[in-house]
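K.L.:
Next up is a structure, given as structure tokens.
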Amino acid sequence: MKQLIDKLHKTRELEPAEFKELIENRCAELSEYLFAKARAVQIENYGNNVYIRGLIEFTNYCKNDCYYCGIRKSNSTAERYRLTKEQILQCCDTGYELGFRTYVLQGGEDGYYTDEKMVDIIQSIKNNYPDCAVTLSMGEKSFETYQAFFEAGADRYLLRHETANEEHYGRLHPHNLLLKNRIQCLSDLKKIGYQVGCGFMVGSPFQNTDCLVEDLLFIKEFNPHMVGIGPFIPHHETPFAKEKAGELELVLFLLGIVRLMLPAVLMPATTALGTIHPQGRELGILSGANVVMPNLSPTDVRGKYLLYDNKICTGDEAAECRNCLQGRIEKIGYKIAVTRGDHKSKL
Ligand code: 5AD
Ligand code: FES
């Protein structure tokens, strides 16, 4: 198995059967071997920097009904909210003081935010903070809309593919959502010139090792700038309420593999990872991740943006979160970078 890791390190790829063998035969010792290499590759590319992104969850209205997601439209118990442009700018202001140079606007697919409204919000942020990057994470849009957002100044876009297996995709989403459209969106975003992130949940219902192998092959082929991988965590008001959460150790193993496959990728230690284990995010960084995305949303809405149960940091002020993270990151020998943290290919 170590030879497979050496091969992955050297050639940055493996055959499907080799990925499968590696995942199925993983153990604590092998994981340590992988993580040491993943850390070395991360440090060769970005030093001991951890990049921070201020996450602004600007709406929890969503027209979609993904079976795993707590803000799906059928969840009538969710208390819905939208942030105004002024509230969003206020979050950026707080964030700037705390050293954030990337803002991530994340929300459900909410028709209230027309292209015109979004363009205005993006332009306002870029005018006020010309040294900051704007990342969008608001789902599937047309080529023209993505283009308009890009021209308004958006730099990056996060759109997880969720699973690269079509049948599996169909078991996680209602049938109006198709994997083929997701992939079209991802390819449109890249063509327009965004730094693009894809990604998937680990341990989502019906996922098996073959699905994970397909995810890895898809990521290798698509060659994104960013990859988001976190555990699936059930939400009590969804069809998957009774399913079990993804495993920490498998998430970490996949982070390590992706670091070796795409040495310069920007990869968060996700909030979901921090939710399933008290040191989840630190362990993520020690497995090859190099980004954290603390919450900048106003405290009164944080508890309402619940994609899954038991989400961490919903009660903390932005400043507390920033300081807490700084301590945690320094404790493991890394430092927080006060820069945009662009992908190496865009510097
Ligand atoms: N558990 C973990 N991650 C989730 N997401 C949505 N619902 C859940 C859940 N129950 C992830 C999806 C989405 C991202 C914003 O959050 O992968 O793309
Ligand atoms: Fe949010 Fe520690 S990271 S309080």
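Every number in this text was worked out from the coordinates using simple rules, so none of it is lab data. Computed from a predicted model, the values in this text were never measured in an experiment. Positions of Cβ are generated from backbone atoms using ideal geometry, with glycine treated the same way; all protein chains shown enter the neighbour counts.
K.L.:
Run through region 190-256 and list the trypsin sites (Lys or Arg not before Pro) located in a DSSP loop whose Cβ has at most 10 other Cβ atoms within 10 Å.
P.N.:
Numbers: sites: K190, K191, K220, K242, K244; in loops: K242, K244.
Counting only loop positions with at most 10 other Cβ atoms within 10 Å, the trypsin sites (Lys or Arg not before Pro) in region 190-256 are K242.
K.L.:
Tell me, what is the Rg over Rh of the chain, with Rh the Kirkwood radius over Cα pairs?
P.N.:
Looking at the chain, the ratio lands at 0.93.
K.L.:
Can you give me the Cα centroid spacing of region 195-252 and region 100-168 in angstrom?
P.N.:
Region 195-252 and region 100-168 have Cα centres separated by 22 Å.
K.L.:
If we count every other residue with Cβ under 15 angstrom of A245's Cβ, Lys/Arg +1 and Asp/Glu -1, where does the sum land?
P.N.:
Cβ neighbours under 15 Å give a net charge of -1.
K.L.:
Classify region 243-305: rounded, prolate or oblate, from the alpha-carbon gyration tensor (a ≥ b ≥ c, eigenvalue square roots; a/c under 1.5 rounded; otherwise prolate if a/b is larger than b/c)?
P.N.:
It is oblate, given that a/c is not under 1.5 and a/b is not larger than b/c.
K.L.:
For region 1-80, compute Rh as the Kirkwood radius over C-alpha pairs and then the Stokes-Einstein diffusion coefficient at 10 °C and 1.306 mPa s; write the answer in µm²/s, rounded to an integer.
P.N.:
On the way: Rh = 16.6 Å.
The diffusion coefficient I find is 96 µm²/s.
K.L.:
Give me the Kirkwood hydrodynamic radius of region 123-231, using the inverse of the mean 1/r over all pairs of distinct Cα atoms, in Å to one decimal.
P.N.:
It is 14.7 Å.
K.L.:
Taking the Cβ of A272 as the centre, find all other residues whose Cβ is under 13 Å away and add up their charges (Lys, Arg: +1; Asp, Glu: -1).
P.N.:
Working: positive: R160, R281, K311; negative: E247, D309.
Residues near A272 contribute +1 overall.
K.L.:
Out of T275, T84, T238, any idea which swings most in a Gaussian network model of the chain, alpha carbons joined below 10 Å?
P.N.:
Its mean-square fluctuation being the largest, the pick is T84.
K.L.:
GluC sites (Glu not before Pro), restricted to region 72-122: which are DSSP loop and have at most 11 other Cβ atoms within 10 Å?
P.N.:
Here the sparse-neighbourhood loop sites are E79.
K.L.:
Send over the per residue convex hull volume for region 1-146, Cα only, as a whole number of Å³. Present the calculation step by step, with values, prior to reporting the outcome.
P.N.:
Details: hull volume 29.1 nm³, N = 146.
Output value, Cα hull per residue: 199 Å³.
K.L.:
If you don't mind, another one. What span do the alpha-carbon atoms of region 171-292 cover on each of the three principal axes, reported in whole Å from largest to smallest?
P.N.:
Projected onto the principal axes, the Cα atoms of region 171-292 cover 39, 38, 24 Å.
K.L.:
Further, regarding this structure: Excluding I233 itself, what net charge comes from residues whose Cβ is under 10 Å from its Cβ, given Lys and Arg +1 and Asp and Glu -1?
P.N.:
0
K.L.:
Let me ask something else about it. Which residue, N208, N60, N223, has the most motion in a Gaussian network model of the chain that connects Cα atoms within less than 10 Å?
P.N.:
Largest GNM mean-square fluctuation: N208.
K.L.:
No partner Cβ under 4.7 angstrom, meaning no disulfide-compatible partner by this rule: which Cys of the chain qualify?
P.N.:
Here C27, C62, C91, C92, C132, C185, C198, C211, C313, C321, C324 come out as lacking a disulfide-compatible partner, given the Cβ-Cβ threshold of under 4.7 Å.
K.L.:
For region 78-181, what is the convex hull (Cα atoms) projected area averaged across all directions, in square nanometres?
P.N.:
Quarter of the Cα hull surface area: 7.9 nm².
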